[in-house]
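Down below is the structure, laid out as structure tokens.
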Amino acid sequence: MARPMFNYTKVILRKVSFDVKLFTKEVKKAAKHLLPHEIEELKEFIKSLFAVNPELRVALVYLEN
């Protein structure tokens, strides 16, 4: 079940990437529900979004251990 959650999280993050506040809220939720290796993959995914929205960088704080 964890893999579909990861894919769903990526879809949601793409959709809310226009708003830093919403994006951060969704990243916090994801950090609670994803497995450790998925969190590492999510960090890379978020970094790929920086090219379009560099202000999203603040959300990475919530994925640090």
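The loop-placed trypsin sites (Lys or Arg not before Pro) in the chain, going by DSSP, include none that has at most 15 neighbouring Cβ atoms within 10 Å of its Cβ. For the chain, chymotrypsin sites (Phe, Trp or Tyr not before Pro) are listed when DSSP marks them as loop and at most 15 other Cβ atoms sit within 10 Å of their Cβ; the list is Phe18, Phe50. Applying both filters, DSSP loop and at most 10 other Cβ atoms within 10 Å, to the GluC sites (Glu not before Pro) of the chain gives Glu64. The count of lysine pairs in the chain with alpha-carbon distances below 16 Å, taking only pairs 8 or more places apart or on different chains, stands at 16.
The stretch between Phe50 and Asp19, if pulled fully straight at 0.36 nm per residue, gains 9.9 nm over its current Cα-Cα span. Shown here: P(r) over Cα pairs in 10 Å bins from 0, in percent, derived from the displayed model; of the candidates (i) 25, 52, 20, 3; (ii) 23, 49, 23, 5; (iii) 23, 62, 15, 0, it corresponds to (iii).
Throughout, read-outs are computed from the coordinates displayed, never taken from laboratory work. Owing to the predicted nature of the structure, the values given are computational and were not obtained by experimental measurement. In this analysis, Cβ positions are derived from the backbone assuming ideal geometry, glycine residues included, and neighbour counts consider all displayed protein chains.
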